[in-house]
Amino acid sequence: MQELETNDMTTQYATYDDFFRAAFNWEPFDYQRRLALDNPLPSLVNVPTGAGKTAAVIGAWLWRRLQNDSSVGRRLIYCLPMRTLVEQTRDVTKAAITKLETEWPTLKDRFQVRVLMGGTVSREWDTEPERECILIGTQDMLLSRALNRGYAMSRFRWPIQFGLLNNDCFWVFDEIQLMGDGLATATQLAAFREQFKTFGPSRSIWMSATLDAQWLKTIDFATQVSKLKQLTLSEEDKTASILKCRLEAKKILAKADYKCRLPKDLAEFIREKHKPGTQTLVVVNRVARAQEIYEELAARPKGKKKSAQNADPNIPEIKLIHSRFRPSERRRWADVLNAIPDPDGAGRIIIATQVVEAGLDISSRLLITDLAPWASLVQRFGRCNRKGEFEEAFIYWIDRPLNQKDEKLSDKADDELEEKDQQKIASPYKWDDLQRARERLKGLTSAAPADLPQHSDEYVPAHVLRRRDLVDLFDTTPDLSGYDLDVSRFVRGADERNVSIAWRDLGGQAPMKKTPAPTRNELCPVPVGHLRLFLSKENKAKKKREAWMWDALMGEWRKAEDNSIRPGLTLLLDVSEGGYDSELGWSTDSKEPVAPTPRESEEPEESYEDDLLSHLKYRQSLAAHSAEARAKAELIVNALADIELDEWRDDLVFATHHHDWGKAHEVFQETLHRGLPEDLSEVLLAKSDRNLPSPEGKRGHSRAFFRHELASALALLQTGASDLAVYLAACHHGKVRLSIRALPGENRPDGNEKKFARGIWDKDLLPATDLGEGVITPKLELDLEPMLLGASADGSRSWLERMIALRNRLGVFRLAFLEALIRAADVRASRYPVDVLPSEEVSE
């Protein structure tokens, strides 16, 4: 018997095979066993589709964590190129953990599973940095966060997830042939984690059925590629009955008639080849093409809201699947993907794009696919007769697929096409890649995995993340125009940059400041270029369409202008603007009102001025909150004893104890005391259950953009604290970090020569303050001299110089991780207070 020691218990297991069987209900393949047990851990996994890569990775990570294996971090980050893969991976993972918890109850609640696909979640994983967690998300959500520019999240929380996703973590990149420029970013980040250093292990695994190690040879990672250990199927795997059946599954391959280039003729071909009682899968390269084929098959006249399909039980069920649907509509796909057609019925036809070509555990008797790059074709072939369940199955490939509007190109020979026409036909791929794939298909009559030749195309990323790019991204302060560094070129290819759209009933007006923030259930991914085209057209009321974006600095929704629309933004559209159809998904031609979907939260967007953790449902003194935050920091650091935080532990705990010192400022206290009884007037507060306007009617602080954390940091700097403690106190809301400058619209102090920034005026007073645990700070005047560039008169370094030196000393990843810890301590002390003041019900 092997004994696995965990943090809080000892559990008996026999072997890894027993463990894997309990989690997944089948015997592990040899390669799955080796991934869990071999040392060193492989970095490349090259196995065919249908071989169980997801179970291999999840099982290996869980086992190694239970073994206290120091080679894997406490966060497994499972990065996938498509949304459809995320939910399937989540379901497999949760089911495995549930089975393990049932068999071994001592594992209950040890491993949490979180999904990152945009929008707000009710319980944020990033407030528990010591927890073992499996994070599953798209490369858009995960890589943008790993670059400190998280898509579809508050900009003020970017650094938290940047820190947690680059320290004490284990990245898994699945289906890397679909990642585009994101693959180069993944390898560059791996190299930079080595260079900058991290807390705890931080390693990566790259997986694909068509993996070529040469793809990983980016500028800073190239020297490491030859040292990477690769895992492939062993002879034992190839002879195992399950895998052997899959590898040799009969798949007859042929070229489709040239007429299938156009959607209308392809629809006729599909009807002709589909066999009742079975499933037919059609995979095309473009969303518009998929929509056109669906409308032809579903007898859905263009522009009509409802289709006439399924009126006759002898007509096959027709389903459309692509990436531009909202989650509320995508949930219906589960029934399609998991259900086997009735053998006595008409069967099912699925029209899909690349979203089904990798990772999804679906199978069809008939597969019809557009010509695509070789790696994509191999993945698509894996959706036909996946488990060898049919005695024979059929695959047809379509050369030079077109949308209906490009019919004039269908009869031209290749050498008659202009370059722009070639690219139009090949989109979203490259013409040369399709030409190579066509040559490889010549003479092939079987698409069984065992019969497919091993080919790979050259990978040359258009954009490669460099060291200077990463260092610049550490600073999250936008310039005065509100511009942020755009990371979309590092997240995906140039043609795949999306925004997220939510539809709301706005009554034709601008959204109010307190409009609830869009949540994941509402969001539809839309290419930036498509949205710009959509906004250039008129709506049903013959008015110019409008989209609204959140301005975090000014704290308001403003109209999105063409030059302000960038990838990663979340925008609101009025339901009357159209643009979405529940059957077709995103559609620039649709003018019908869009039915809004239920929200998962009523929380508004956060602005720069907001202090969301100060206005809660209770009252608490500054002394009590400061002491409780310190206790939470000590708890977190103690739980992270295995990742060597000792050198920075004291500064972290000290900074957490003093993080809200600046709340003693009279401006902050005036805000929190509004509407409270006189007997509390002398109590320095950290929390209030009132959020009332001032007598002048202003809600919030009397000084615009007032930030108490800057006051805390300046006070610490003046009393001799370390630069690390100063930085951590300043950054604990993500609004004051590397630089200090006044913002447009700030209240100016009397006299134009007095320095001011973020609502703090030079020579402001902080009273002597009780921070709990016997800590009493002195009365002092705040000095804003550090905000100026260059050394002061006494030779003291500026704020910027100090912070850059600190960033260089710790490295961007470790500094951000410490930032995440102090913020987690503050949030948890605020969510679960112990020592609160009496309160009474008062209506505002």
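Of note:
- Sum of -39500 (n - 2.57) over DSSP H runs of 4+, divided by residues of the chain (222 nm, nearest 500): -9500 deg cm²/dmol
- Calculated P(r) tail over 13 Å for segment 213-264, as whole % of Cα pairs: 76 percent
- When segment 233-288 is reduced to its Cα atoms, the Kirkwood hydrodynamic radius in Å: 14.5 Å
- Cut-off 12 Å between beta-carbons: net charge of the residues surrounding A715, Lys and Arg +1, Asp and Glu -1: -3
- Per residue value of the accessible surface for the chain (all protein chains in place, 1.4 Å probe), Å²: 40 Å²
- For segment 686-807, the Kirkwood hydrodynamic radius from C-alpha pairs, put into Stokes-Einstein at 37 °C and a viscosity of 0.692 mPa s, yields a diffusion coefficient of 210 µm² per second.
- Of the three principal axes defined by the Cα atoms of segment 180-325, the extents in descending order read 62, 42, 31 Å.
- Applying both filters, DSSP loop and at most 10 other Cβ atoms within 10 Å, to the trypsin sites (Lys or Arg not before Pro) of segment 483-567 gives K514, K542.
- Stretch gain in nm, segment A14-R271, where the contour uses 0.36 nm per residue and the Cα spacing is subtracted: 87.2 nm
- The charge dipole of segment 506-605, taken about its Cα centre with unit charges on the Cβ of Lys, Arg, Asp and Glu (plus for the first two, minus for the last two), comes to roughly 360 debye.
- When the Cα convex hull of segment 126-246 is projected onto planes of every orientation, the mean area is 9.5 nm².
- Taking only the Cα atoms of the chain, the radius of gyration and Dmax are 28.9, 89 Å.
- Cα-based shape type of segment 37-147, given that a ≥ b ≥ c are square roots of the gyration tensor eigenvalues and the cut on a/c is 1.5: rounded
- Neighbour cut-off at most 14 other Cβ (10 Å), DSSP loop, GluC sites (Glu not before Pro), segment 696-771: E696, E753
- For segment 222-241 versus segment 568-638, the inter-centroid distance based on Cα atoms is 44 Å.
- At q = 0.14, 0.17, 0.22 Å⁻¹, base-10 log of I(q)/I(0) for segment 350-494 (Debye sum, equal scatterers on each alpha carbon): -0.83, -1.03, -1.40
- Charge dipole of segment 318-416 about the Cα centre (unit charges at C-beta), most positive-ward option of W333, I351, I395: W333
- These residues, T49, T445, go from largest to smallest accessible area, 1.4 Å probe, as T445, T49.
- Pairs with C-alpha atoms separated by more than 26 Å, drawn from the list K94/K687; K513/K543; K319/K559, are K94/K687; K319/K559.
- Over all distinct Cα-Cα pairs of segment 124-164, the Kirkwood formula returns a hydrodynamic radius of 10.5 Å.
- Only the Cβ atoms of Lys and Arg (+1) and of Asp and Glu (-1) were treated as charged; on that basis the dipole of the chain about its Cα centre amounts to roughly 2060 debye.
- Most simply put, the chain has about 35% antiparallel DSSP beta bridges, counting only bridges with both residues inside it.
- Base-10 log of normalised Debye intensity for segment 498-596 (one unit scatterer per alpha-carbon) at q = 0.10, 0.12, 0.16 Å⁻¹: -0.23, -0.33, -0.60
- Point-charge dipole on Cβ atoms (K/R +1, D/E -1) for segment 48-207, about Cα centre, debye to 20: 200 debye
- Gyration tensor verdict on segment 652-715 (Cα atoms; rounded if a/c is under 1.5, prolate if a/b is larger than b/c, oblate otherwise): oblate
- Expressed per residue, the C-alpha convex hull volume of segment 693-759 stands at 114 Å³.
- Efficiency of FRET between D344 and D69 - r from beta-carbon atoms, R0 45 angstrom, step 0.05: 0.30
- Taking a straight line from the alpha carbon of K755, these lysines sit under 26 Å away, with near neighbours fewer than eight places off in the same chain left out: K663, K698, K735, K763, K779.
- Segment 367-383-segment 439-475 distance, computed between alpha-carbon centres (Å): 14 Å
- Seen from all directions on average, segment 386-467 presents a Cα convex hull projection of 9.2 nm².
- Solvent exposure ordering (accessible area, 1.4 Å, most first) of V667, V460, V836: V460, V836, V667
- At 1.306 mPa s and 10 °C, Stokes D of segment 310-387 from Kirkwood alpha-carbon radius, µm² per second: 116 µm²/s
- Most positive-pole-ward Cα, L789, A768, P838, against dipole of segment 751-844 from beta carbon charges: L789
- Taking the three principal axes of the alpha carbon atoms in segment 42-86, the coordinate ranges are 31, 21, 16 Å, sorted in descending order.
- Our coupling estimate for segment 759-776, obtained by passing each phi through the Karplus curve with A = 6.51, B = -1.76, C = 1.60 and θ = phi - 60°, is x, 9, 10, 4, 6, 4, 9, 10, x, 4, 10, 8, 9, x, 6, x, 8, 10 Hz, Gly and Pro reported as x.
The values are calculated or read from the model by the stated rules, or taken from the named source; none is laboratory data. All of these numbers come straight from a predicted model, not from anything done at the bench. In this analysis, Cβ positions are derived from the backbone assuming ideal geometry, glycine residues included, and neighbour counts consider all displayed protein chains. Remember, those area values only see protein heavy atoms, side chains included, never the ligands or the DNA or RNA. Shrake-Rupley method; radii C 1.70, N 1.55, O 1.52, S 1.80 Å.
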